[in-house]
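*Asks:* Below is one structure. I have some questions about it.
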């Protein structure tokens, strides 16, 4: 059973004070949740721009995600309706190829279950990328991100699996036109129904 708003506020305060990974990265936890949110966006981890601004999906990936969801920036950042909590709360840095390092597992191990137990039941969780999909779906996740997103009907209406909206996935989107044809209309309809009732 979910705890009340006060318990959630205490947990968010603890997350923002977290220094578990201070020996490997510069901590700046980014989280936006509330006791009234109807949609939770579970991404991978903040990128550099998010790290600098403290605002999740404050980049072209966020623009694309908002377009996928069919909502404007004001609605997206209305914390009372849309919660944003990635699998890791801090920017993990870059690898030798300039790509973001995967989210450190210790973050989800320490915070994820506590967060979901403290939040009230959220009708829709958007699983953005394979890390969120694997954690939230467990054995129901398929062998890779593409297959998991293809199986979206089996996870709806509670979960919708999405690729990351990064420009790096432009090729994936071109190779998988069914995503825009089949998944996005359902996603927009579901988001619209939930947010219009909140």
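Each reported figure results from applying straightforward, stated rules to the coordinates on display, with no laboratory input. Just so we're clear, the structure is a prediction, and the values are computed from it rather than from any experiment. No Cβ is skipped: glycine too gets one built from the backbone with ideal geometry, and neighbour counts run over all protein chains shown.
*Asks:* Using a Gaussian network model on the chain with a 10 Å cutoff between Cα atoms, which of 79, 44, 133 fluctuates the most?
*Replies:* Most flexible of the set in this elastic network: 79.
*Asks:* Suppose each label sits 7 Å from its Cα in the direction of the beta carbon; what would the residue 48-residue 36 distance come out to in nanometres?
*Replies:* Calculated label separation equals 3.8 nm.
*Asks:* Here's something else I'd like to know. Give, as ranges by residue number, the residues of the range 1-37 whose backbone N falls under 16 Å from the point 7 Å along Cα→Cβ of residue 80.
*Replies:* Of the residues in the range 1-37, 5, 33-37 have backbone N under 16 Å from the label point off residue 80.
*Asks:* What ranking do 13, 73, 32 get, fewest neighbouring Cβ atoms within 10 angstrom at the top?
*Replies:* By the 10 Å Cβ count, ascending: 13, 73, 32.
*Asks:* Further question: Counting only DSSP beta bridges with both residues in the range 5-196, what percent are antiparallel, rounded to the nearest 5?
*Replies:* 15
*Asks:* If I build a Gaussian network model for the chain, linking alpha-carbon pairs within less than 10 angstrom, which residue out of 140, 42, 86 has the largest mean-square fluctuation?
*Replies:* Of 140, 42, 86, the most mobile in the Gaussian network model is 140.
*Asks:* Give, in nm to one decimal, the length gained when the segment between residue 114 and residue 147 is fully stretched (0.36 nm per residue of separation minus the Cα-Cα distance).
*Replies:* 9.0 nm
*Asks:* Under a plain spin-label model, where a point goes 7 Å from the Cα along Cα-to-Cβ, how far apart in nm are residue 106 and residue 6?
*Replies:* The answer from the label model is 3.2 nm.
*Asks:* If you take mean projected area of the Cα convex hull in nm² from the coordinates, which of (i) 17.4; (ii) 10.9; (iii) 27.6 do you get?
*Replies:* (ii)
*Asks:* Something else now. So if R0 is 25 Å, what FRET efficiency would residue 176 and residue 63 give, r being the distance between their Cβ atoms, rounded to the nearest 0.05?
*Replies:* 0.80
*Asks:* Gain in length, residue 189 to residue 97, computed as 0.36 nm per residue apart minus the alpha-carbon separation, to one decimal in nm?
*Replies:* 29.3 nm
*Asks:* Given the options 97, 169, 144, which has the most mean-square fluctuation in a GNM of the chain, springs set between C-alpha atoms less than 10 angstrom apart?
*Replies:* Between 97, 169, 144, it is 97 that shows the largest mean-square fluctuation.
*Asks:* In addition: Considering only C-alpha atoms, what is the centroid distance from the range 126-163 to the range 74-101, in Å?
*Replies:* Cα centroid of the range 126-163 versus Cα centroid of the range 74-101: 18 Å apart.
*Asks:* Also: How far, in nm, would the chain grow between residue 14 and residue 167 when pulled straight, counting 0.36 nm per residue and subtracting the alpha carbon separation?
*Replies:* Going from the current span to full extension adds 51.8 nm.
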